[in-house]
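First comes the structure, then the notes that go with it.
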Amino acid sequence: MNPAKALNYRTSAHLDTPEWPTALALYHRSFPEGRKPDAIVAGMFAKGMSELHTATVESSGELAAMAVTGVIPAGGLLLIDYLAVQEHLRDNGIGRQFVRHIADWARVRKRLSGMLLEAEAEPGADNERRIRFWERCGFVLTDYVHRYKWVPETYRAMYMPFGDGNSLRDQAQDGGRSLFRHIEAFHKQAFAR
């Protein structure tokens with residue numbers, strides 16, 4: 001059986017779900033460095049700015065994937081802040097199926113115009129593999145390389161327009177700088193006390 005064909009999805013604006021402890025452990029394993037501290041993630045949910053998306057294998061109930069997202073109202077966008085698939089379930093199409101589900105949820109349930117994420121920009125096999133994954137999911141990589149003051153890594157924006165997506169494509173015309181204004185505003189709100 002290919003588990004990518006038999007997943008159950010759940011989206012919650014709260015962390016008091018049965019999936020959260022396992023999703024949190026996957027978050028820690030998948031992002032050992034550079035992740036938001038648990039207290040900041042909890043604060044994002046307390047502020048009502050994030051959703052937890054989970055995918056479980058229908059036959060076993062095992063958590064297959066998790067994502068933390070947030071709506072950026074000013075851009076009509078969904079930011080994928082973190083997304084991870086269980087290590088032993090990777091390379092089975094689960095990640096792409098999960099991203100499609102999140103995109104459908106954002107387009108239909110939230111009526112957003114597209115999705116946005118930031119990808120590590122440093123050259124390297126792992127970063128290039130991640131960028132290829134997002135491109136296979138339908139994201140477009142921008143040229144602008146962004147450097148935050150508080151982290152050493154550099155990032156590039158990736159976006160996925162829904163429908164004609166002209167407004168999102170227009171925002172990306174400056175190589176991605178405008179998209180980072182949305183991303184930075186989201187992070188600023190996440191870390192605000």
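Highest-first packing order for the peptide set 153-159, 102-108, 39-45 is 153-159, 102-108, 39-45, based on the mean count of other beta carbon atoms within 10 Å. Based solely on its DSSP helices, what 222 nm [θ] is calculated for the chain when runs of n ≥ 4 H residues each add -39,500 (n - 2.57) and the sum is averaged over all residues, nearest 500 deg cm²/dmol? Helices in the chain give a 222 nm mean residue ellipticity of -10000 deg cm²/dmol. Considering only alpha-carbon pairs that sit under 8 angstrom and 6 or more positions apart, the relative contact order computed for the chain is 18 percent. Extension gain, Trp150 to Glu120, is 9.3 nm, computed as 0.36 nm per intervening residue step minus the present C-alpha separation. Residue exposure proxy: Tyr27, Tyr9, ordered by other Cβ atoms within 10 angstrom of their Cβ from fewest to most, comes out as Tyr9, Tyr27. Are there trypsin sites (Lys or Arg not before Pro) in region 22-95 that DSSP puts in a loop and that have at most 12 other Cβ atoms within 10 Å, and which ones? Here the sparse-neighbourhood loop sites are Lys47. For the chain, lysine pairs with C-alpha atoms less than 21 angstrom apart, excluding pairs fewer than eight positions apart on the same chain, total 6.
Since every read-out is calculated from the coordinates, none of them should be taken as a lab result. The model shown is predicted, which means the values in this text are computed figures rather than measured ones. With ideal geometry, Cβ positions are generated from the backbone for all residues, glycine too; neighbour counts draw on all protein chains shown.
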